[in-house]
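Q: Provided herewith is a single structure, encoded as structure tokens, for subsequent inquiry.
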Amino acid sequence: MNYISRYLKDIVPVAFEMETAEEFQFFGTGPAQFKVKIKREIPRTELLKSTSLALGEAYVKGDIELDRDLYDVLDMFMGNMNRFKTNKLALRHLLHTPGSRANQRKEVTRHYDIGNDFYSLWLDETMSYSCGYFAKETDSLFEAQVQKADRILEKLQLKKGMTLLDIGCGWGFLLKRAVEHYGVKGVGITLSEEQYQHFSEEIREQHKEKVLRVKKMDYRDLAKSKMSFDRVVSVGMLEHVGRGHYKDFMAQVDAVLKPEGLFLLHFISALQEHPGDPWIRKYIFPGGTIPSLREIMVLLPEYDLHTLSVESLRPHYVKTLQCWRQNFLKHQAEIGEVYGEEFVRMWDLYLASCAATFHNGVIDLHQILVSKGVNNKLVSLFGSFAL
């Protein structure tokens, strides 16, 4: 038995077949759940350095072929990621990137500025690039994203004339929804040029300059901006802040949130602190780090932030990613024409692996709602996030 055979046998808990140039092997008991073909030998040194990088790069290059849908195969063993090898010393420059402003702008640009045309192919009409909320199994992706936005806005208990800040506003759907349905004034900040241009153009076209603004701005500049808001929201941005900078993030929120104001933080979370997945950090989210729920919760009292609700939406992110992937695969031919076949395999692997890791509970999605100081004026909310 060669090294790759022993290696895969240790991390894949189901029966499977493996074919290499030298041999054909069967592992496990019962019928094989899938067949993997290794077209090029994966060096032992690469596997020992990083399971994720070695297998991920081999798949993207076409050196690994499967006879079953990628998500189905990944879902069978992503729960065993604790068995993956990661040489943290050898990968220290990948796992611990600088948290400087310049580097963070570079990291954000690399992912979010691929192009609005690219994202519009597989996101829904709202251009929401975060977990949706599926109230019913039959809900479409569009319905789920609208319901997610409405659920967040309901939690924030907005009233006409209030001000709302969205940190990491993306293409602006949440703020537009808040302005249209609650009569608030909104400000969004982003580091993405593509998102900034898209949102700015929509504000001008819809003549909403008096109630909506978007700024290309680093969150670390909020305190010195002297702005203040009744409500603050951040959806899917904390993952880019980086470990060691969470206190600064909370301090910036504290600086602009009015007393008795509400802050909702929506973020991908982990059960324990982890430096991140090497393949994801190298190819998809440079510098991306998933905070644990506990390391965020422990910071809240330092800023007199009182926890009102904590909700996990993990199953909703599984379905969101599956919808994104389904849309992505419908357009893989035209995406491949522009970006190349390896790009298509890379993004398919990203979407499928994330869906599998959420499904296996390796990562989670939490919404935390807090008030700045005690707020006894809040009305009770119905549902799973009742106050």
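Q: Quick check on the chain: helices-only [θ] at 222 nm, where DSSP H runs of length 4 and up contribute -39,500 (n - 2.57) each and the sum goes over total residues. Nearest 500, please.
A: Result for the chain, helices only: -12500 deg cm²/dmol.
Q: With an 8 Å cut-off on Cα pairs and a minimum separation of 6 or more residues, tell me the relative contact order of the chain in percent.
A: Across the chain, relative contact order equals 18 percent.
Q: So, one more: Kirkwood hydrodynamic radius (Cα pairs, Å) of segment 3-95?
A: The answer is 13.8 Å.
Q: Nearest 10 degrees, 0 to 90: what angle lies between the long axis of helix 101-112 and the longest principal axis of the chain (Cα atoms)?
A: 70 degrees
Q: Further question on the same structure: Taking the 0 to 90 degree range and rounding to the nearest ten, how far is the long axis of helix 341-359 tilted relative to the main principal axis of the chain, both from C-alpha atoms?
A: That helix lies at roughly 70 degrees to the long axis.
Q: Let me ask you something else. Hey, what does the equivalent ellipsoid look like for segment 160-199, semi-axes from the Cα gyration tensor as sqrt of 5 times each eigenvalue, largest first, whole Å?
A: In descending order, the three semi-axes are 20, 9, 6 Å.
Q: Something else about it: Once the mean 1/r over all distinct Cα pairs of segment 115-205 is inverted, what Kirkwood radius in angstroms do you read off?
A: Evaluated on segment 115-205, it is 13.7 Å.
Q: Working from the alpha-carbon coordinates of segment 251-296, get Rg over Rh, Rh being the Kirkwood radius.
A: 1.11
Q: Give the long-range amide H neighbours of residue 309: residues separated by 5 or more places, or on another chain, with amide H under 5 Å away, using H modelled in the peptide plane at 1.01 Å from N.
A: The list, which skips near neighbours in sequence, is 369.
Q: So, in nm, how far is label residue 82 from label residue 120 when the simple model puts each one 7 Å beyond its Cα toward the Cβ?
A: Label at residue 82, label at residue 120, 4.6 nm between them.
Q: Using a Förster distance of 25 angstrom, determine the FRET efficiency expected from the C-beta separation of residue 210 and residue 109, and round it to 0.05.
A: So, using R0 = 25 Å, E works out to roughly 0.25.
Q: With Cβ to Cβ distances under 14 Å as the rule, what net charge do the other residues near residue 335 carry (K, R +1; D, E -1)?
A: -3
Q: Rounded to the nearest 10 degrees, what's the angle between the helix 51-60 long axis and the longest principal axis of the chain, both from Cα atoms, 0 to 90?
A: 80 degrees
Q: Rounded to whole Hz and in sequence order, give me ³J(HN,Hα) for segment 34-49 from the Karplus expression 6.51 cos²θ - 1.76 cosθ + 1.60, θ = phi - 60°, writing x for Gly and Pro.
A: Each residue's phi maps through the Karplus curve to give 6, 10, 10, 10, 9, 8, 9, 4, 9, x, 4, 4, 5, 5, 6, 6 Hz.
Q: Excluding residue 34 itself, what net charge comes from residues whose Cβ is under 10 Å from its Cβ, given Lys and Arg +1 and Asp and Glu -1?
A: Taking every other residue near residue 34 into account, the sum is -2.
Q: For segment 288-357, calculate the relative contact order in percent as a whole number, restricting contacts to Cα pairs under 8 Å that are 6 or more residues apart.
A: With pairs under 8 Å counted, the relative contact order is 35 percent.
Q: Sticking with this structure for a sec: Taking R0 as 45 Å, what's the FRET efficiency between residue 378 and residue 334 from their Cβ-Cβ distance, rounded to 0.05?
A: Efficiency, from the Cβ-Cβ distance: 0.40.
Q: Over segment 31-165, what lengths in whole Å, largest first, do the semi-axes of the equivalent ellipsoid take, defined as the square roots of 5 times the eigenvalues of the alpha-carbon gyration tensor?
A: 37, 24, 15
Q: Report the percentage of all Cα-Cα pairs in the chain whose separation exceeds 30 Å, rounded to a whole percent.
A: Cα-Cα pairs of the chain separated by over 30 Å account for 42 percent.
Q: Which entries in 226/247; 148/208; 226/282; 37/106 show an alpha-carbon gap greater than 28 Å?
A: 226/282; 37/106
Q: Still on this structure, please answer the following. Would you please give the FRET efficiency between residue 25 and residue 312, computed as 1/(1 + (r/R0)^6) with r the Cβ-Cβ distance and R0 = 41 Å, to the nearest 0.05?
A: 0.55
Laboratory data are not the source of any read-out in this text; all were calculated from the coordinates shown. Here the structure is a predicted model, which is why all the values come from computation and not from measurement. All Cβ positions, even for glycine, are placed from backbone atoms using ideal geometry, and neighbour counts span all protein chains on display.
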